[in-house]
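Report on one structure; see the data block that follows.
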Amino acid sequence: MAETPAVDPVRALETAIAQDIHTGQLLPGAWLKQIALQQRYGRSRGDVRRALDKLVAQRLVQQVRNFGYRVHGLDSARLEELQQVRQILEAAAAGTMIGRADAAMLARLRDLADAFAQAVEHRPVLEQHEANQAFHAALLELCPNAELVRLIRETRLRMPSAPMTQWSEPGWVEESARQHHAMVAALEAGDREAFCAVVRAHIRLPRPREAAAPPGRRRGSRAAAAD
């Protein structure tokens with residue numbers, strides 16, 4: 001019997017922090033106090049430091065000399081560049097998905113689209129985000145190019161999530177739910193052009209948020225610098 005691969009604790013922590021950034025639990029510009037992260041995620045100081053350094057390399061977190069770490073506030077120009085990259089990658093992936101969804105997969109995607117639509121109507125934003133992620137994770141299973149899937153996931157991790165950006169616009173979260181159903185319908189019809197068009201329309205440029213001012217240096221202050 002094959003052994004289950006060991007989970008890299010730093011990679012798992014890096015992913016957990018990134019997810020909290022994307023769901024708005026750690027806002028752009030927020031200062032990341034390492035002792036608070038140790039307590040929040042139940043990890044060692046060394047693991048927290050290594051995870052933060054990896055997130056700095058991804059430009060999700062910024063290291064500010066003499067102050068510490070904070071969630072990166074992306075400017076509009078870089079967000080637009082990332083959005084363009086995401087459109088290119090996901091449009092390419094969409095082109096490979098037509099004809100790969102069997103009846104069971106179509107039923108699963110339809111159920112996930114329904115679950116997201118129900119979450120939009122009745123559930124809090126965090127559950128909406130989780131339902132949205134579940135739909136897109138299943139959709140990516142149809143892409144046969146593993147490297148393309150990896151690049152898409154990494155690009156998404158470098159951008160603010162939908163609840164932080166598009167969904168703040170009136171009516172957009174409802175439109176997102178309609179687009180999920182339109183994707184499933186296009187897959188079922190085998191309509192490559194319609195499917196790719198919906199995927200492109202689904203990706204919108206996020207709006208950047210202003211970064212917070214550096215924290216005070218006074219020990220014991222709630223705004224104290226990250227240690």
If each residue of separation counts as 0.36 nm, what is the full-extension length gain between Glu154 and Glu81 once their alpha-carbon separation is subtracted?
24.8 nm
With a Förster distance of 25 angstrom and the Cβ-Cβ distance between Asp111 and Ala201, calculated FRET efficiency to the nearest 0.05 equals 0.65
Calculated over the stretch 43-117: convex hull of Cα atoms, volume per residue (Å³)
186 Å³
Can you give the FRET efficiency to the nearest 0.05 for Asn66 and Glu127, using r as the Cβ-Cβ distance and R₀ = 35 Å?
0.30
Dimensionless Rg/Rh of the stretch 1-128, both radii on Cα and Rh by Kirkwood, sits at 1.06
Given the peptides 37-49, 108-120, arrange them by the average over their residues of other C-beta atoms within 10 Å, most packed first.
108-120, 37-49
When all Cα-Cα pair distances of the stretch 76-202 are considered, the percent exceeding 24 Å is 24 percent
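Just so you know, all these numbers are worked out from the coordinates, no wet-lab data involved. All of these numbers come straight from a predicted model, not from anything done at the bench. Reconstructed Cβ throughout: ideal geometry from the backbone, glycine too, with neighbour counts over all protein chains shown.
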